[in-house]
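Some notes on the structure that comes next.
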Amino acid sequence: MSHRQSHPPTDSTGGRIGGMSKPTSIKTSEDVRDRLRVLAEERGTTITELLEELASRELTQAEREKRAVEAARELGVEYSEQVRRAGQDAWAQIRAHQGGAAA
């Protein structure tokens, strides 16, 4: 059973990632390449499509900041530096308890 997406991933502006872009190369170690190959095979996709999916799913710092401002607005909270730091501290604690790296 294939897990390929029926449509190409999009970036935060709704534009296509990959798609008609000119192909390029990414240099990495053989270990990373081999891991990407295994991950892609397990998902029934290619390394290129796997990388496109990963890139489209991760937010940039600017995108995270924009979403934080929008969330604060929806909650009726002014997004101040104190609120930003409190949010970062909360996420660091959550990640620490999940066994991930703290921010």
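Throughout, read-outs are computed from the coordinates displayed, never taken from laboratory work. This structure is a prediction, so every number in the text was calculated from the model and none was measured. With ideal geometry, Cβ positions are generated from the backbone for all residues, glycine too; neighbour counts draw on all protein chains shown.
For the reader, a short list of remarks on this structure follows.
- Sequentially through the range 31-46, phi angles give Karplus couplings (6.51, -1.76, 1.60; θ = phi - 60°) of 4, 5, 4, 5, 5, 4, 4, 5, 4, 5, 4, 4, 9, x, 9, 9 Hz, Gly and Pro residues having no value and appearing as x.
- With the simple model of a label 7 Å out from the Cα in the direction of the Cβ, A96 to I47 spans 3.8 nm.
- Listed values for the range 72-81 are Karplus-derived 3J(HN,Hα) couplings in whole Hz (6.51 cos²θ - 1.76 cosθ + 1.60, θ = phi - 60°), namely 4, 4, 5, 8, x, 10, 6, 7, 9, 4, and x replaces Gly and Pro.
- Neighbour net charge for D89 - beta-carbon separation under 13 angstrom, K R +1, D E -1: +2
- Once the chain from R64 to S25 is taken as fully extended at 0.36 nm per residue, the excess over their C-alpha distance is 11.3 nm.
- Computed from backbone phi with θ = phi - 60° and the Karplus coefficients 6.51, -1.76 and 1.60, the 3J(HN,Hα) list for the range 54-67 is 4, 5, 6, 8, 7, 8, 6, 4, 5, 5, 5, 5, 4, 5 Hz; x is used for glycine and proline.
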